[in-house]
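The structure appears below as structure tokens.
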Amino acid sequence: MDNDTIIIRDLGLQHWEKVSDLMQKFTAIRNTKTLDELWCVQHYPIFTLGPLGTEKDRLISSKIPMFHTDRGGKITYHGPGQQIIYLLLDLKRRKIGIRDIITLIEKIVISTLNYFSIKSHIVQECPGIFVNNRKICSFGLRIKKSCSLHGFSLNVSMDMRPFSHIYPCGNNKIRMTQICNLKKNVNCKIAKLVLIKKTIDLLNVSSIIYK
């Protein structure tokens, strides 16, 4: 069964524009037999603005570039030390809906943080994962051809200052945090391994191909 196997790609540190373009091309050419993929990546500093956001969500001028994206949500920041997981899944084949994949992401991140003895929770009116009322994980998705693009970003050990240049997710009340503020000696390499394990367990994947 195609759902039993997933390809995992560790892309390292990449420019957002390059990975976004590859993700769009992958989705455009995939068919019903194409294996699902999980991309692990960190990005060079960048702000991305979803279709629900506006330029006013960036508070000050910055040398950090900003790009428009087709994922759901408003504005966020990506940078080294933030572990991103892109979920390129055939939702129709897996018989899961958009609400199901959001719930899947919530479970992946909450169980990963629990692994590090960090208690986290969701806030109904604000998508993402929170710890002590500060946001630690953001996510945004896009569905094309019944397949998901984009995914979620977990703050691990990064320079948090650029978040002060924006209203994260377009909300001036949101404050951000990261794992290393709560647990020392946790880096993206460690967090990535746990995120992968939680993802394949929740997807009931039995075979993994690393590329």
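The values are calculated or read from the model by the stated rules, or taken from the named source; none is laboratory data. This is a predicted model, so every value here is computed, not measured. Methodologically, a virtual Cβ is constructed for each residue, glycine included, from the backbone with ideal geometry; neighbour enumeration extends over all protein chains shown.
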Item to check | Wholly enclosed strands (runs of 3 or more DSSP E) of the stretch 116-198 bearing at least 3 residues closer than 17 Å to Pro80 by Cα and touching a residue at least 12 places away in the same chain (Cβ under 8 Å) | outcome: 134-144, 147-155
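Kindly indicate whether any position in the stretch 157-176 is within 29 Å of Thr34 (Cβ to Cβ), surrounded by fewer than 20 Cβ atoms within 10 Å (Cβ to Cβ) and out of contact with any Cys (no Cβ under 7 Å at 6 or more places or on another chain).
Looking through the stretch 157-176, none of the residues is within 29 Å of Thr34 (Cβ to Cβ), surrounded by fewer than 20 Cβ atoms within 10 Å (Cβ to Cβ) and out of contact with any Cys (no Cβ under 7 Å at 6 or more places or on another chain).
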Next on the checklist: Considering only residues that are farther than 18 Å from Pro168 by Cα, surrounded by 15 or more Cβ atoms within 10 Å (Cβ to Cβ) and among the charged types (D, E, K, R), which ones fall in the stretch 97-144?
Outcome noted: Glu106, Arg142
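Here's the yes/no breakdown for (1) touching a helix residue (DSSP H, G or I) at 6+ places or on another chain (Cβ under 7 Å); (2) over 29 Å from Ala28 (Cβ atoms):
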{"position": "Ile85", "(1), (2)": "yes, no"}
{"position": "Lys95", "(1), (2)": "no, no"}
{"position": "Ile98", "(1), (2)": "no, no"}
{"position": "Glu106", "(1), (2)": "no, no"}
{"position": "Val109", "(1), (2)": "no, no"}
{"position": "Thr112", "(1), (2)": "yes, yes"}
{"position": "Tyr115", "(1), (2)": "yes, yes"}
{"position": "Val123", "(1), (2)": "no, yes"}
Checklist entry - Only one of Ile64, Ile105 is within 26 Å of Lys211 (Cα to Cα), touching a residue at least 24 places away in the same chain (Cβ under 8 Å) and in contact with a strand residue (DSSP E or B) (Cβ under 7 Å, 6 or more places away or on another chain); which? => result Ile105
Item to check | Residues of the stretch 39-94 that turn out to be outside any loop (DSSP other than H, G, I, E, B) and of a type in the set (D, E, K, R), as a count | outcome: 8
Checklist entry - Within the stretch 47-62, can one find any residue that is modelled with pLDDT of 95 or more and surrounded by fewer than 20 Cβ atoms within 10 Å (Cβ to Cβ)? => result no
